[in-house]
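Since the structure comes first, as structure tokens, the remarks are kept for the end.
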Amino acid sequence: MPLTRASLARRMRRVGLAAVAVATAVVSTLVLAAPASAATYRYDCRRLSGNGSYSHPLALGNVTGRTVVAVNCPPLTSGAGYAHRYFSFTLTRTARVPSYAGASFALDASRRSAVNPSLSRGPYTVMRTGAGLWTYNRSGVANGRYLSLGPLPGGGVLAAGTYRLDLQKLDSPLRSLSTPWFDVVVAVS
């Protein structure tokens with residue numbers, strides 16, 4: 001069968017999709033692999049101290065050397081004051097590789113807006129949402145968005161200190177009125 005320009009383009013797309021699938025699997029494995037020695041602490045998101053605002057974030061406490069998961073966080077909805085929820089956590093020492101922070105969620109036809117993380121320390125933004133890594137389930141549907149804390153996108157690792165994790169809904173109100181319920185995950189080795 002002769003190779004035409006169209007058949008070559010189809011084959012290249014298949015190779016490209018396969019490469020994307022492999023890269024996604026590798027990133028998912030790196031992002032979701034909790035440190036083997038780390039204990040996991042689970043908290044009900046609605047019972048954390050704080051109100052989730054910028055000035056009174058929901059407190060996750062010290063997370064160095066363990067994984068903290070805040071489960072069952074209510075959806076972020078469109079409208080002023082509701083498209084962001086803030087969490088704080090403290091590193092008592094520099095983060096090691098692998099360390100990450102973000103949200104896990106399940107998108108579906110009615111909940112198409114992802115939960116997107118950014119990280120700040122005091123008034124300074126350390127990482128914007130664009131640095132977030134997507135994770136996917138076996139069907140190829142996005143199920144999480146995380147920021148790598150060690151290694152950082154520009155190199156190095158996150159220093160000790162208190163940080164504010166901003167989880168936000170980025171889609172416009174016309175596309176999606178709400179994110180799904182989500183879990184906040186901060187894993188620092």
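Here are the numbers for this structure:
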{"quantity": "Residues of region 137-188 satisfying the condition of being modelled with pLDDT under 95 and of a type in the set (V, I, T)", "calculated": "V141, V157, T179, V188"}
{"quantity": "Single match in A95, A101 (criterion: in a loop (DSSP other than H, G, I, E, B) and of a type in the set (G, A, S))", "calculated": "A95"}
{"quantity": "Residue in region 145-159 that is nearest to F89 (Cα to Cα), counting only those that are open to solvent by 20 Å² or more (accessible area, probe 1.4 Å) and among the hydrophobic types (A, V, I, L, M, F, W, C)", "calculated": "A159"}
{"quantity": "Failed condition for R128, given (1) surrounded by fewer than 17 Cβ atoms within 10 Å (Cβ to Cβ); (2) closer than 18 Å to C45 by Cβ; (3) under 17 Å from the mean Cα position of the chain (by Cα)", "calculated": "(2)"}
{"quantity": "Single condition S78 does not satisfy, out of (1) touching a strand residue (DSSP E or B) at 6+ places or on another chain (Cβ under 6 Å); (2) within 20 Å of K169 (Cα to Cα)", "calculated": "(1)"}
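So that you can scan it fast, the table gives a plain yes or no per residue for (1) outside any loop (DSSP other than H, G, I, E, B); (2) over 13 Å from D183 (Cβ atoms); (3) open to solvent by less than 50 Å² (accessible area, probe 1.4 Å); (4) without any contact (Cβ under 8 Å) to a residue 60 or more places away in the chain:
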position: F87; (1), (2), (3), (4): yes, no, yes, no
position: T90; (1), (2), (3), (4): yes, yes, yes, no
position: R112; (1), (2), (3), (4): no, yes, no, no
position: S120; (1), (2), (3), (4): yes, yes, yes, yes
position: T135; (1), (2), (3), (4): yes, no, yes, no
position: N143; (1), (2), (3), (4): yes, no, yes, yes
position: T162; (1), (2), (3), (4): yes, yes, no, no
position: D166; (1), (2), (3), (4): yes, yes, yes, no
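The values are calculated or read from the model by the stated rules, or taken from the named source; none is laboratory data. The structure presented is a predicted model; accordingly, all values stated were derived computationally and were not measured. As a convention, Cβ positions derive from the backbone with ideal geometry for all residues, glycine included, and neighbour counts pool all protein chains shown. Ligands, DNA and RNA are stripped out before the accessible areas are found, and what is left, the full protein with its side chains, is counted by its heavy atoms. Shrake-Rupley method; radii C 1.70, N 1.55, O 1.52, S 1.80 Å.
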